[in-house]
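Note sheet for the following structure.
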């Protein structure tokens, strides 16, 4: 998976946030059912400044997002095969949050490439 300076693969993924999506995501165009629930991967740059998270703003904190990804998501038919559960120790969780916060640029968001 190629990641550029903006730390995104610029692809569309279903991360198992819901079993039924109110917004069909990528499936709206070109109306392909296999794209239901897929949304574009956002950049990780300045992620600490861009809450709320997820395609619909349903997660207020990075901790909530990490918990969702650690759970592996819900078993939606189009869930990305890379979505699988994992465990983080009590030391790794704050380390991951610190890493994500370290991706914050000192430039304003409108100046970041």
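The values are calculated or read from the model by the stated rules, or taken from the named source; none is laboratory data. Not measured: the values here are computed from a predicted model. Note that we place each Cβ from the backbone using ideal geometry, even for glycine, and neighbour counts take in every protein chain shown.
Here are a few things to note about the model shown:
- Residues of segment 14-60 classified as in contact with a strand residue (DSSP E or B) (Cβ under 6 Å, 6 or more places away or on another chain) and within 15 Å of residue 78 (Cα to Cα), total: 7
- Residue-level analysis places residue 51 among those that are at pLDDT 90 or above, assigned to a loop (DSSP other than H, G, I, E, B) and in contact with a helix residue (DSSP H, G or I) (Cβ under 8 Å, 6 or more places away or on another chain).
- Qualifying residue in segment 33-47 (condition: surrounded by fewer than 17 Cβ atoms within 10 Å (Cβ to Cβ), farther than 24 Å from residue 99 by Cα and over 11 Å from the mean Cα position of the chain (by Cα)): yes
- Selection status of residue 56, assigned to a loop (DSSP other than H, G, I, E, B), more than 14 Å from the chain's Cα centre (by Cα), over 16 Å from residue 9 (Cβ atoms) and modelled with pLDDT of 90 or more: no
- Tally of residues being more than 25 Å from residue 87 (Cα to Cα) and outside any loop (DSSP other than H, G, I, E, B) across segment 19-39: 7
- Number of residues in segment 61-107 that are farther than 14 Å from residue 17 by Cα and not in a loop (DSSP other than H, G, I, E, B) equals 13.
- Residue 57, sole failed condition from (1) without any contact (Cβ under 8 Å) to a residue 40 or more places away in the chain; (2) on the phi > 0 side of the Ramachandran plot; (3) crowded, with 17+ Cβ neighbours inside 10 Å: (3)
- The set of residues in segment 60-80 that are farther than 14 Å from residue 96 by Cα, at pLDDT 95 or above and surrounded by fewer than 16 Cβ atoms within 10 Å (Cβ to Cβ) comprises 60, 71, 72, 75.
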